[in-house]
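*Asks:* Shown below is the structure under consideration.
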Amino acid sequence: MLNKLVSAVFTLAVFAIPHFSTFAQSAENESDFTILFNGTNLDGWVGNKSSYRAENGMIVIDPKGTGGGNLYTEKEYGDFILRFEFQLTPGANNGLGIHAPLEGDAAYVGKELQILDNTAEKYSQLHEYQYHGSVYGVIPSKRGYLKPVGEWNTEEVIVQHPKIKIILNGETILEGDYLEASKNGTLDGKDHPGLQRSSGHIGFLGHGDVVRFKNIRIKELSSK
């Protein structure tokens, strides 16, 4: 009996080791990140602070404000890992701007990563490069990995110019090189000078729909 008991304890210990090791590694990785939104106010952000507001630990875009506009980080970023959570409402449309200047349409003068309710009937006939997670006009993403509207999604965006990877709810929905993808022209047939930019502001690009964001943090990466 004693031998069986020792054997059982040893077996449990062996199976427990990877779990705790993974947890420790995850916590260590997360500690390398800088919080971009303090959960209380929009300090550290610039742009449309009438449509966007801080509420209950979230950044909320409120269509009762001016109905859209952009909210950008004060600081500019080059290569990075960005993690955040977002909650869509039915038919919601927003965007994540990266490497963007403060003026102009971020989809062209920077890069826009779509934030969209793919399931909305009004979006059923969009071009493939317009659905959630796509580099707008340039690289389409995989669909089918958004949680039901109203639930919180987690997203990670890894940028090492000119390469980009987007992980939605644990699934890689986009991975590519936006300069390589556009060398023979963009999918939308438009000029995207912002593809050449290797740094700029990060921001949310509103279209008048209610979208909520929280747990926004970033880890800067060394340039290659």
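The values are calculated or read from the model by the stated rules, or taken from the named source; none is laboratory data. Just so it is clear, the model here is predicted, and its values are computed rather than measured. Don't worry about glycine lacking a Cβ; one is built from the backbone with ideal geometry, like all the others, and counts go over all protein chains shown. Just so you know, the surface numbers come from the protein's heavy atoms only, side chains and all, with ligands and any DNA or RNA stripped out. Shrake-Rupley method; radii C 1.70, N 1.55, O 1.52, S 1.80 Å.
*Asks:* Scan the range 108-153 residue by residue and report those that are aliphatic (A, V, I, L, M), more than 19 Å from Q87 (Cα to Cα) and assigned to a loop (DSSP other than H, G, I, E, B).
*Replies:* Restricting attention to the range 108-153, the residues satisfying the condition of being aliphatic (A, V, I, L, M) are 109, 113, 115-116, 120, 126, 135, 138-139, 146, 149.
Checking the rest, the ones that are also more than 19 Å from Q87 (Cα to Cα) come to 109, 126, 135, 138-139.
Hits for the range 108-153 are L126, V138.
*Asks:* So, one more: Residue check: is G110 among the small types (G, A, S), open to solvent by less than 50 Å² (accessible area, probe 1.4 Å) and out of contact with any Asp or Glu (no Cβ under 8 Å at 6 or more places or on another chain)?
*Replies:* Numbers: among the small types (G, A, S): yes; open to solvent by less than 50 Å² (accessible area, probe 1.4 Å): yes; out of contact with any Asp or Glu (no Cβ under 8 Å at 6 or more places or on another chain): yes.
Considered against the rule, which asks whether it is among the small types (G, A, S), open to solvent by less than 50 Å² (accessible area, probe 1.4 Å) and out of contact with any Asp or Glu (no Cβ under 8 Å at 6 or more places or on another chain), G110 comes out as yes.
*Asks:* Kindly indicate the residue of the range 149-166 that is closer than 15 Å to Q114 by Cα and charged (D, E, K, R) and also surrounded by the most Cβ atoms within 10 Å (Cβ to Cβ) among those meeting that condition.
*Replies:* Going through the qualifying residues, I end up with E155.
*Asks:* Does the range 168-182 include one or more residues that are open to solvent by 30 Å² or more (accessible area, probe 1.4 Å), more than 24 Å from G44 (Cα to Cα), touching a strand residue (DSSP E or B) at 6+ places or on another chain (Cβ under 7 Å) and assigned to a loop (DSSP other than H, G, I, E, B)? Step through it out loud before you land on a result.
*Replies:* Within the range 168-182, the subset open to solvent by 30 Å² or more (accessible area, probe 1.4 Å) is 169-172, 175, 177, 179-181.
With the extra rule that they be more than 24 Å from G44 (Cα to Cα), the set shrinks to 169-172, 175, 177, 179-181.
Filter once more, keeping what is touching a strand residue (DSSP E or B) at 6+ places or on another chain (Cβ under 7 Å): 169, 172, 175, 177, 181.
Right, trim to assigned to a loop (DSSP other than H, G, I, E, B) and you get 169.
Yes, the range 168-182 has at least one match.
*Asks:* I need every pair where a residue in the range 119-136 that is over 20 Å from Y178 (Cα atoms) has its Cβ under 8 Å from the Cβ of a residue that is assigned to a helix (DSSP H, G or I), sequence separation at least 6 or different chains.
*Replies:* Sorted first by the residue in the range 119-136, then by its partner, the pairs are Y123/Q130.
*Asks:* Does any residue of the range 188-196 turn out to be basic (K, R) and surrounded by 15 or more Cβ atoms within 10 Å (Cβ to Cβ)? If you could, list the steps in order and put the result at the bottom.
*Replies:* Looking only at the range 188-196, we keep the residues that are basic (K, R), and these are 190.
Keeping just the survivors that are surrounded by 15 or more Cβ atoms within 10 Å (Cβ to Cβ) gives none.
Checked the range 188-196: no residue is basic (K, R) and surrounded by 15 or more Cβ atoms within 10 Å (Cβ to Cβ).
*Asks:* Considering only residues that are of a type in the set (V, I, T) and more than 16 Å from the chain's Cα centre (by Cα), look in the range 173-212 and name the one that is nearest to V159 (Cα to Cα). Before you say what the answer is, go through the steps one by one.
*Replies:* Here is the first cut: in the range 173-212, the residues of a type in the set (V, I, T) are 173, 186, 202, 210-211.
When the remaining residues are screened for being more than 16 Å from the chain's Cα centre (by Cα), the result is 186, 210.
Values: T186: 19, V210: 27 Å.
Checking each candidate, the answer is T186.
Quick grid of which residues meet (1) at pLDDT 95 or above; (2) more than 16 Å from T186 (Cβ to Cβ); (3) out of contact with any helix residue (DSSP H, G or I) (no Cβ under 6 Å at 6 or more places or on another chain):
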| residue | (1), (2), (3) |
| --- | --- |
| P101 | yes, yes, no |
| D105 | yes, no, yes |
| K111 | yes, no, no |
| L116 | yes, yes, yes |
| K122 | yes, yes, yes |
| G133 | yes, yes, yes |
| K142 | yes, yes, yes |
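Conditions (1) out of contact with any strand residue (DSSP E or B) (no Cβ under 9 Å at 6 or more places or on another chain); (2) modelled with pLDDT under 90; (3) open to solvent by 30 Å² or more (accessible area, probe 1.4 Å); (4) of a type outside the set (G, A, S), marked per residue:
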site: E30; (1), (2), (3), (4): no, yes, yes, yes
site: G44; (1), (2), (3), (4): no, no, yes, no
site: G67; (1), (2), (3), (4): no, yes, no, no
site: D79; (1), (2), (3), (4): no, no, no, yes
